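Colleague: Pasting a structure below so you can have a look.
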Amino acid sequence: MNSEHVVIGIDGGGTYTRVMICDLWGHVLSFVERGSASIYKDEKAAQNVQGAIAEALRQANRTNEQVVALVAGIAGYDAPSDLEWITPLTELPGLSCPKWHVNDAVSAHSGALMGKPGIVVIAGTGSIIVGSTEDGQFIRNYDFHHYAVSAARSIAYDAVYEMLAGGYDETDRPLLLKMLEHFGVQAIDQLAEAAKKGFAEDRRERDKHFGDFAPVITEAAEQGSVLAIRVCNRAIAQIKVGIELIAASFTSEEVAVTFIGSVANSTYFLRTLSDRLTIGNNKRYSIMKPQFAPVIGSVLLALKNVNVSVDNEMISKLQEFKHPQL
């Protein structure tokens, strides 16, 4: 390997695809952001990922042949059969380097905790809780068939259903007005009619529209909306159970926990969940800020896979890159 060689790290989420090109000394040469990498969210997922890779290489002034490793963390990679749609995401002519495709939570954990034991909670476009134990076990809440209904679209659906079911009071009026505006109706009975028709025929379009409303709900909870608090607290309770399920497999008395995603890092969620974990089951929990964003987590995995050691000097160089997620 030489000074022209690079690795590619990819964070392929449900909303954005983020691609980073890094040399073998930790210098970030380019960073590109495009649309979703999940076919469940965007039928153009392959075009988004391939286009982002090509543009990142162009900006880095590198060719496909100079790439020595690629790691792609992809949302929705939950079973070996998913490789049928995931593998083509990174297929470009001449890009014949070794490639590793993993769940995006693996990349998130790699970046957030730098490979150290701990638990990462992801709640944004999607929802997953993952832990890496002291003996190297990688455990997901999915492995228990547990799912924390805390993705952006999930809390938005929940809030709309609560509103339509009449579970609101005067504290929720600002939230109701914003909800009516978001869904393009004048009154709650019109919202109910839209709901009876399924809101939108296309599921991707419908989920995205609901997900876009989630920040209004978390902000409303912070401002005292009883309905929003109830919705958020339900999601927070499920996240806490997922954390504690995974924490039971750790040998240490104290387990590091970090949060990634727009929902998990909203003011209300972050404060309330942190407070609840102070009296958590099984372990003591130390809340940590993520060290790096998931895309850098993929870069670190790529470097590891070509036997490049990540030392303090390299970490310092990577820290110079200010990622919008952190």
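Colleague: Could you give me D for the chain, from Stokes-Einstein at 37 °C and 0.692 mPa s, where the hydrodynamic radius is the Kirkwood radius over C-alpha pairs? Units µm² s⁻¹, please.
Modeller: Numbers: Rh = 20.7 Å.
My calculation gives 159 µm²/s for D.
Colleague: Let me ask something additional. Just for the chain, what percent of DSSP beta bridges are antiparallel, to the closest 5?
Modeller: Working: 22 of 43 bridges.
Looking only at bridges with both residues in the chain, the antiparallel portion is about 50 percent.
Colleague: Can you tell me the length gained on complete extension of the stretch SER3 to ILE315, counting 0.36 nm per residue apart and subtracting the Cα distance? Walk me through the numbers on the way to the answer.
Modeller: Numbers: separation 312, 0.36 × 312 = 112.32 nm, distance 1.82 nm.
The SER3-ILE315 span can extend by a further 110.5 nm.
Colleague: Moving to a separate point now. Which net charge results when you count Lys and Arg as +1 and Asp and Glu as -1 among the other residues whose beta-carbon is under 14 Å from that of PHE321? Don't skip to the end; give the middle numbers.
Modeller: Details: positive: ARG18, LYS317, LYS322; negative: ASP11, ASP23, GLU33, GLU320.
Taking every Cβ under 14 Å from that of PHE321, the sum is -1.
Colleague: Give the total of Lys-Lys pairs in the chain with Cα-Cα distances below 15 Å; include a pair only if its members are 8 or more places apart or on different chains.
Modeller: Values: LYS41/LYS208; LYS44/LYS208; LYS99/LYS304; LYS116/LYS289; LYS116/LYS304; LYS240/LYS283; LYS289/LYS322.
Step by step, the pairs that qualify in the chain add up to 7.
Colleague: Over the stretch 63-219, what number does the Rg to Rh ratio reach, with both radii from the alpha-carbon atoms and Rh per Kirkwood? Display every interim value, and only then the final one.
Modeller: Details: Rg = 20.4 Å, Rh = 18.6 Å.
Result for the stretch 63-219 is an Rg/Rh of 1.09.
Colleague: If you place +1 on the Cβ of every Lys and Arg and -1 on the Cβ of every Asp and Glu, how big does the dipole about the Cα centre of the chain come out, in debye to the nearest 20? Please list the in-between numbers first.
Modeller: On the way: 29 positive and 38 negative charges, 41 e Å.
About 200 debye.
Colleague: Now for a separate question. If you average 1/r over all unlike Cα pairs in the stretch 22-89 and invert the result, what Kirkwood radius do you get in angstrom?
Modeller: Values: mean 1/r = 0.0762 Å⁻¹.
Its Kirkwood hydrodynamic radius stands at 13.1 Å.
Colleague: May I pose another question? So what is log10(I(q)/I(0)) for the stretch 107-166 at q = 0.17, 0.22 1/Å, when the Debye sum runs over its Cα atoms only?
Modeller: Calculated log10 I(q)/I(0) at the listed q: -0.63, -0.86.
Colleague: Could you tally the net charge around ALA237, taking each other residue with its Cβ under 12 Å from the Cβ of ALA237, Lys/Arg +1 and Asp/Glu -1?
Modeller: Working: positive: ARG230, ARG234, LYS240, ARG276; negative: GLU244.
Net charge around ALA237: +3.
Colleague: Check every DSSP H run in the chain and write down those whose alpha carbon atoms cover 30 angstrom or more along the long axis and whose mean Kyte-Doolittle hydropathy is -0.5 or greater.
Modeller: Values: long enough: 226-247 (31 Å, 1.30).
Those that clear 30 Å and a mean of -0.5 are 226-247.
Colleague: Chymotrypsin sites (Phe, Trp or Tyr not before Pro) within the stretch 1-56: which are DSSP loop residues with at most 12 other Cβ atoms inside 10 Å? Provide the component values of the computation, followed by the final result.
Modeller: Details: sites: TYR16, TRP25, PHE31, TYR40; in loops: TYR16, TRP25, TYR40.
Those that pass, being in a loop and sparsely packed, are TRP25.
Colleague: Still on this structure, please answer the following. How big is the stretch 182-326 along each principal axis, measuring the range of its Cα positions in Å and listing the largest first?
Modeller: Principal extents (Cα only, largest first): 60, 35, 26 Å.
Colleague: Within the stretch 115-290, what percent of beta bridges assigned by DSSP are antiparallel, to the nearest 5?
Modeller: Values: 9 of 18 bridges.
Antiparallel: roughly 50 percent of the beta bridges in the stretch 115-290.
Values in this text are rule-based calculations from the coordinates and carry no lab data. Only a predicted model underlies this, so the values are computations on that prediction, with no experimental measurement involved. Cβ sites come from the backbone with ideal geometry, for glycine too, and all protein chains shown count toward neighbours.
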